[in-house]
Every structure is written in structure tokens, then in C-alpha cells.
Amino acid sequence: MEELKILQKTYDMMQYLHQALQQYPKSEKHNLAADTKLAAYELLRLFITANKRYYKKTTMQDADIQLDLLRHLIRLGHDLRFMSPKKYEVLSCMTTEIGKMLGGWMRAAQ
């Protein structure tokens, strides 16, 4: 049942992320904003794949790496002042919560 919760949390985070990426400058919409969206899509894809696989360990490790990449891209957008501090704080809390859920899922799968 936890897999469905992590998928829902990731989906909610992606909805909020799309709103936050709307305020990126036009010059960055095809660069940093697009890379951030792709990282979020890949994270969701890895969660769905891990949910369907019998051997989940490597897919969950890939998801952990992808989540770390997403965190860094979000932080870069904030550091370059493309995102408001409030939106950054909300996204940071969301990614932290997803990371905690993923860590619990990885421990349960061992």
C-alpha cells in the first residue's frame, strides 16, 4: 500500500512543481525548467517501475539517485532566483517527505 502513497505524493509534488516552473524566465524555460520537469517525470516512472518489478532494489536505488538530482535542480532554480523562497520551501518539504517514504520502502524491501 505504501507504493501507492509514494506515487500520489510524487504526483502532488509534480503538480506544484509545474506551477513553480511557470515563473521561470523565458530564457530558462527550455533549459533548467525542462530538465527539472524531465527529472520529475523520470522519478515517477522509476516509482511505477519499482512497484511492478519483483526485484525492486536497483530500481529503487535509481529512484533515490533521481530524487537527489531533482533536489539539486530545484535548489539551483532557487539559488538563481527563478523561484520564490516559499515555493522552494514547499518543494523541499515535499521532496524530503518522498525521500523518507522511499527510504522506508527500501528498508522494507530488503
Inset, instruction - Quote the accessible area belonging to Lys56 in square angstrom, nearest 10, computed with a 1.4 Å probe and with ligands, DNA and RNA left uncounted. - result: 50 Å²
Legend entry - With Cα atoms, 0 to 90° folded angle of helix 85-109 axis to the chain main axis: 10 degrees
Inset, instruction - Might you work out the accessible area of His78 for me, using a 1.4 Å probe with all protein chains in place, and round it to the nearest 10 Å²? - result: 50 Å²
Inset, instruction - Could you check how much of the accessible area of the chain is carbon and sulfur, as a whole percent, using a 1.4 Å probe? - result: 55 percent
Inset, instruction - Quick one: compute the contact order of the stretch 48-106, relative version, from alpha carbon pairs under 8 angstrom and 6+ residues apart, as a percent. - result: 36 percent
Legend entry - Matching label, volume of the Cα convex hull per residue in Å³ computed from the structure shown, candidates (1) 81; (2) 99; (3) 119: (1)
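Sort Arg45, Arg107 by heavy-atom solvent-accessible area, probe 1.4 angstrom, most to least. Kindly include the intermediate steps, with their values, before the conclusion.
On the way: Arg45 115, Arg107 170 Å².
Ranking Arg45, Arg107 by accessible area, largest first, yields Arg107, Arg45.
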Legend entry - Cα long-axis angle, helix 32-52 against the chain (0 to 90 degrees, to the nearest 10): 10 degrees
Legend entry - In degrees, nearest ten, helix 2-21 long axis to first principal axis of the chain (Cα): 10 degrees
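With all protein chains present and a 1.4 Å probe, how do Arg81, Arg71 order by accessible area, largest first?
Ranking Arg81, Arg71 by accessible area, largest first, yields Arg81, Arg71.
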Legend entry - Per residue, in Å², the accessible surface of the stretch 38-110 once ligands and nucleic acids are set aside, probe 1.4 Å: 62 Å²
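List the relative contact order of the stretch 1-92 as a percent without decimals, with contacts defined as Cα pairs under 8 Å and 6+ residues apart.
Details: 61 pairs, mean separation 30.7, N = 92.
Relative contact order for the stretch 1-92 comes out at 33 percent.
The values are calculated or read from the model by the stated rules, or taken from the named source; none is laboratory data. These figures come from a predicted structure and were not determined experimentally. Quick note on the areas: whole protein, heavy atoms, side chains included, nothing else; ligands and nucleic acids left out. Shrake-Rupley method; radii C 1.70, N 1.55, O 1.52, S 1.80 Å.
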